[in-house]
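What follows is a short report on a single structure.
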Amino acid sequence: MVSTSVASLRNVAEQVVLDRRHLHVHPELGFQERQTSRFIADRLRALGIETRTGIAETGVVGIIRGGRPGKTVLLRADIDALPIEEENDVPYRSTVPGVMHACGHDGHTAILLGTAQVLSERRANLRGNVVLAFQPCEEKPPGGAQAMIAQGVMDDPKVDAVFGLHLSQELPVGTVAARPGPIMAAADMFRLEIAGKGGHAARPHECVDAGLVAAQVMVALHALVAREVNPLDPAVITIGMIQAGTAPNIIPDRALLRGTTRTFDTELRERLARRIEEVATSVAAAMRATCVCTYEWGYPSVVNEAVSTAFVADIARSVVGEARLVERDQSMGGEDFAYFLQRAPGCFFNVGTRNEDRGLVWGHHHPRFDIDEAALPVGVEMFTRIVESYLRG
Ligand code: NI
């Protein structure tokens, strides 16, 4: 599974595993990645890479300027962990109670550090620049990507293309997946506060039952995807939270519904947001109640540009072989790499980490999540070849 070219990077591969384990032992939540940030910056500076810290609070940016002028390519790694108590019994188990790298961002960070090492050694031969973006807080909107972009990470030097990867427990170790077009959904949240008139359960005619209004609103909202959205356009409305009432014999005066929408298409996304408010407020009004809708825009859809994706697929063929370049499904999950892709063409691809034989099968965000580290050098090789090939033109 390890190709000859990966073998040539074996010394880097060992370091990448050590780095990943170090980060796994010391996970930090979004915008609190202080030790992580220092670890990254120290490493970049030791490699002689121009380093900027405090970008979007805890983000770090390294800039490798090649020996000759040319284009600029940005590589991104997210560096945050999750509020999960680790259940793995491994030597590199998290030492922070209730915090764990359960999504593989420790691996992403280690891969980008390994890539930094390889590229810094070869910088004299590079025609152009590489921006290494270590991004805080991917897991929790509004996330760190927007803030990094607002602070100029794509402007100086001006970035021509962006690439990022996510390790994937859905794909076997040794595989890579790159799919063009929308691959991850826009993920928004909404909040519906319904106000009626409370009172005695035995005197409903004197009340406006906010609980019943909430139930009608909920049913009406589910009709949106079923009856107003083209069945060929993926969309989800989920209402995951319902709160109303304090006792069985009291009609509640208030109810709260909270939910999330997932879409790929921008027009559909905006239309659903508008229709959720229209339907919720109209249904409530029809039942003599009021409803206040707060719509929170989350990450937009991750859309891979076609030419960049074909380019990444070609690189994957050279790294893991044609048979290990696999298909991936679209996912209704969200990811703020979307913001980088809104500003420049590029591709967000997956590197497989699943190993059934070793029991490394638990999914992302699970307390037993763990990866096959043989995937890490594959990530380094992908990033390295992407940069070298892209800058060669
Ligand atoms: Ni993740």
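Laboratory data are not the source of any read-out in this text; all were calculated from the coordinates shown. All values derive from a computational prediction rather than experimental measurement. Note: ideal-geometry Cβ built from the backbone for every residue, glycine included; neighbour counts use all protein chains shown.
A few notes on this one:
- Prolate/oblate/rounded label for region 310-377 (Cα gyration tensor, a/c 1.5): oblate
- Fewest-first ranking of VAL99, VAL162, VAL312, using other Cβ atoms within 10 Å as the exposure measure: VAL99, VAL162, VAL312
- Charged neighbours of ARG288, selected by a Cβ distance under 11 Å, balance to 0 (K, R count +1; D, E count -1).
- Computed over region 354-393, the ratio Rg/Rh where both radii use C-alpha atoms and Rh is Kirkwood: 1.22
- Cα-based reach from LYS158 at 19 Å (exclusive), listing lysines while leaving out same-chain residues under 8 positions away: LYS71
- Count Lys and Arg as plus one, Asp and Glu as minus one, and take only other residues whose Cβ is under 15 Å from that of LEU126; the net charge is then +4.
- For region 186-299: relative contact order, % (alpha-carbon pairs under 8 angstrom, 6 or more apart): 44
- Rh by Kirkwood over Cα pairs, then Stokes-Einstein D for region 128-209 at 0.692 mPa s and 37 °C, µm²/s: 179
- Of all the options ALA187, ALA375, ALA124, the one that moves most in a Gaussian network model of the chain with Cα springs shorter than 10 angstrom is ALA124.
- Selected from PHE311, VAL176, SER282, residue furthest toward positive end of dipole (the chain; charges at beta carbon): PHE311
- Remark on region 38-133: ratio of C-alpha radius of gyration to 2.2 N^0.38 Å is 1.24.
- Region 385-393 - phi-based ³J(HN,Hα) in whole Hz, Karplus 6.51/-1.76/1.60, Gly and Pro as x: 5, 4, 5, 4, 5, 5, 6, 5, x
- A simple rule links phi to the HN-Hα coupling: the Karplus curve 6.51 cos²θ - 1.76 cosθ + 1.60 with θ = phi - 60°, which for region 338-345 gives 3, 5, 5, 6, 6, 9, 7, x Hz, with x for Gly and Pro.
- Peptides 116-123, 205-212, 231-238, ordered by how many other C-beta atoms sit within 10 Å of their residues on average, highest first, read 116-123, 205-212, 231-238.
- With N counted as the residues of region 186-299, its alpha-carbon radius of gyration over 2.2 N^0.38 Å works out to 1.13.
- Region 122-197-region 339-380 distance, computed between alpha-carbon centres (Å): 14
- Whether the chain is rounded, prolate or oblate, judged on the alpha carbon gyration tensor where a/c under 1.5 counts as rounded: prolate
- Per DSSP, loop GluC sites (Glu not before Pro) in region 320-374 with at most 10 further Cβ within 10 Å: GLU327
- Proximal charge balance of GLY54 [Cβ under 12 Å; K/R count +1, D/E count -1]: +1
- Of the chymotrypsin sites (Phe, Trp or Tyr not before Pro) in region 314-345, not one is in a loop by DSSP (not H, G, I, E or B) with at most 13 other beta carbons within 10 Å.
- Lys, Arg +1 and Asp, Glu -1 on Cβ, resulting dipole of the chain about Cα centre, debye, nearest 20: 740
- Only Cα pairs under 8 Å and 6+ residues apart enter the sum, and on that basis the relative contact order of the chain stands at 24 percent.
- Per-residue 3J(HN,Hα) values for region 355-364, derived from phi via the Karplus relation 6.51 cos²θ - 1.76 cosθ + 1.60 with θ = phi - 60°, read 9, 4, 4, 9, x, 8, 10, 6, x, 4 Hz in sequence order (x marks Gly and Pro).
- Expected 222 nm ellipticity per residue - DSSP helices of 4 or more, -39500 (n - 2.57), all of the chain, to 500: -11000 deg cm²/dmol
- Comparing VAL61, VAL225, VAL159 in a Gaussian network model of the chain where C-alpha atoms under 10 Å apart are linked, the largest mean-square fluctuation is found at VAL225.
- For region 41-170, a simple Cβ point-charge model (Lys and Arg +1, Asp and Glu -1, everything else neutral) yields a dipole of about 1000 debye relative to the Cα centre.
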